[in-house]
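Working notes, structure below.
What follows draws every value from the coordinates through simple rules; no lab data is involved. All of these numbers come straight from a predicted model, not from anything done at the bench. Note: ideal-geometry Cβ built from the backbone for every residue, glycine included; neighbour counts use all protein chains shown.
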Amino acid sequence: MKRTKSINLGRMRKTTDRLSLKPISLAIASITLAACSDTRQASVFRDANECSFQNPGLEEECQIAYEEALKDASDTAPKYQSRRECEAEFGNNACTNYNASSGSMFMPAMAGFMFARALDRNRYNHSPVFTSYNSRSPFYGDWVTADGYRYGSNRHSTITVGNKAFKPKPKVTRTMSRGGFGSTVSAKSSWGGKKSSFKGGWGG
Amino acid sequence: MIRMPIKERPNWREQADDFGFKFHTMYGKAYWDESAYYLFTLEQIEQGIEDPTAEVHQMCLAVVDKVVNDEALLRKFRIPELFWDNLNQSWKRGDPSLYSRLDFAYNGKDPAKLYENNADTPTSIYESGFWQWLWLEDNVRSGQINRGADQFNSLQEKLIQRFSEIYSKTDQPYLYFGCCKDTEEDRGTVQYLEDCANEAGIPTKFVYIEDMGHGEGDLFTDLDNQAIELMFKLYPWEFMQREEYAGLINKNATQWIEPIWKSVLSNKALLPMLWKMFPNHPNLLPAFFENELDNSISMDIVKKPIYSREGANVSIIRNGKTVLDTDGPYGEEGFIYQAYHPLPKFGKNHTLIGSWLVNDQPAGISVREDKAVVTQDMSRYLPHTILN
């Protein structure tokens, strides 16, 4: 047989207009861990010392996890134009400067990091977590990852996580300009007023 | 290879709505045409198209290998000097490619002749990989086409597999997909590829090319200010390399599908290079750069812009006279010349075979017809079967 054996027709149907759905950045994502089979326990530590104290013999792993989590936090935390905007989400004194080369931005300070033995047992996974001290924020009192997933109350230092918790998060940064791609198209499609006979695709 | 009339499926337009196939009719004219189909023998498919596709593709890759190491050739291909290093490294690293489409003139008897290589932004993948597949399923089920009929079309299967391979070698949270605004055809094409990636279990996000931003740290960003570091773009490299964000391309590690080395493979300057490196190959037409034109003076030739799409700005020159000229916005980067070899006619139609590759493997064909001798973007798409 020289053709595709089977196609998931459900996936191909477009009964709702999926094209118009716009994803949201710091969406409040809810997790249904009960439905996940690959869950495990992770600890949340405020810093490397707390991690080392509770994991004797893992001082080096704790230090590395802490430093990498700090860097990931800087890359992936939501960014705000003003301290006020950031604090409205995360609470007073919960925000820090984000070093942007053109002017300053603000991001929530890392509140701690998740730490768990990797599934292959030889390494340790880590991921930065944030929390909000503003009772009006949907993230109030919870451990939250950079992509907006909540992992229960920040009074607990042991949480249940799925694999998603340690997957890389999108980097979030400040956009300085837009529209630097696409100019050739507007130039070429206005050529000679022929648009009516030209269906306007740029593929070939 | 026979053109077979057949009854249209009575409900296909409703079905197209259901599946979101919006560009089957454009500007009041049919693009998807199921009033007929092309019937091939297995031998025609395998020896006539599939084997030459694999071989010609390898020949094209040999050209790329030569060009990326040769500054004079890179200049001839009109690739801006700013990108030479990046392109060379991308090729040497083996940055993975998803797909390509080789266009052939093939009449079912004589060797297929390569017209061009659409290696950067090929379209009609949805019609080929999914819609004509569904057409055959439906017609077999209704008994209009024999149960033993097959189709040269493993595109969807191979695309899903290839996306999975590419993504598993990255640590990116998303695979981005992007195309330009205001084109239903491109948007539908990209949606199809996104569906294939989702079927492979890959998280995806969509961004219009015009909405992309320049973020702190010289990253590309989406409308949520998230970094775009792995992206399928249905947007030509030769445009990207000449626009405002061109400089940013070399400054970050964003992985592009198709990769930047495809700007050599999709370039029409490939055609004279192929003829130089593989002269008189049965699947090639003689082709020349502008400064070599003396060689071809006795033959009828076609003049094509180095960068062009959908048959725009093509001239046919016979006995030294231009007999046909298509309009278009291309040509400022120069032209190449290819021996005139008209498409075979089936009834009143000129028929072009698009032969797909996914991950360097032949993966299926598309058949397009046009009343005019140069296939343009308003040509019609017809399904095909293989006689068993």
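At a glance:
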item	result
Centre separation in Å (Cα based) which lies between the stretch B:176-225 and the stretch B:92-158	24
Amide proton proximity set for B:Ile257, modelled H, under 5 Å, gap of 5+	B:Met231, B:Phe232, B:Lys233
Pairwise label distance in nanometres, B:Asp171 with B:Arg318, each label 7 Å out on the Cα-Cβ vector	6.2
Test item: B:206-212 mean partner chain Cβ contacts at 10 Å	5
Mean Cβ count within 10 Å, highest first, over the residues of peptides A:85-98, B:109-122	B:109-122, A:85-98
FRET efficiency for A:Thr158 and A:Ala88, using Cβ-Cβ distance with R0 set to 22 Å, rounded to 0.05	0.15
Average other protein chain Cβ within 10 Å of Cβ, residues B:16-27	3
Coarse-grained scattering of the stretch B:19-64 at q = 0.14, 0.30, 0.31, 0.33 Å⁻¹, given as base-10 log I(q)/I(0) from a Debye sum over alpha-carbon atoms	-0.67, -1.02, -1.06, -1.12
Whole-Å semi-axes of the ellipsoid equivalent to the protein assembly as shown (Cα gyration tensor, √5λ, descending)	49, 28, 22
Taking the C-alpha atoms of chain B, convex hull volume expressed per residue in Å³	140
Residues whose placed amide H lies under 5 Å from that of A:Ala109, excluding near-sequence neighbours	A:Cys95, A:Thr96
Ranked list, fewest to most other Cβ atoms within 10 Å of each Cβ, for A:His156, B:His341, B:His214	A:His156, B:His341, B:His214
Where labels lie 7 Å past Cα in the beta-carbon direction, separation of B:Lys7 and B:Leu293 in nm	5.5
Built amide H within the under 5 Å cut-off of B:Ala119, gap 5+	B:Arg101, B:Ser266
Inter-probe distance in nm under a simple model that places probes 7 Å from Cα toward Cβ, at B:Asn198 and A:Glu59	5.1
Value in Å of the Kirkwood radius, where the stretch B:49-131 supplies the Cα pairs that are averaged	14.8
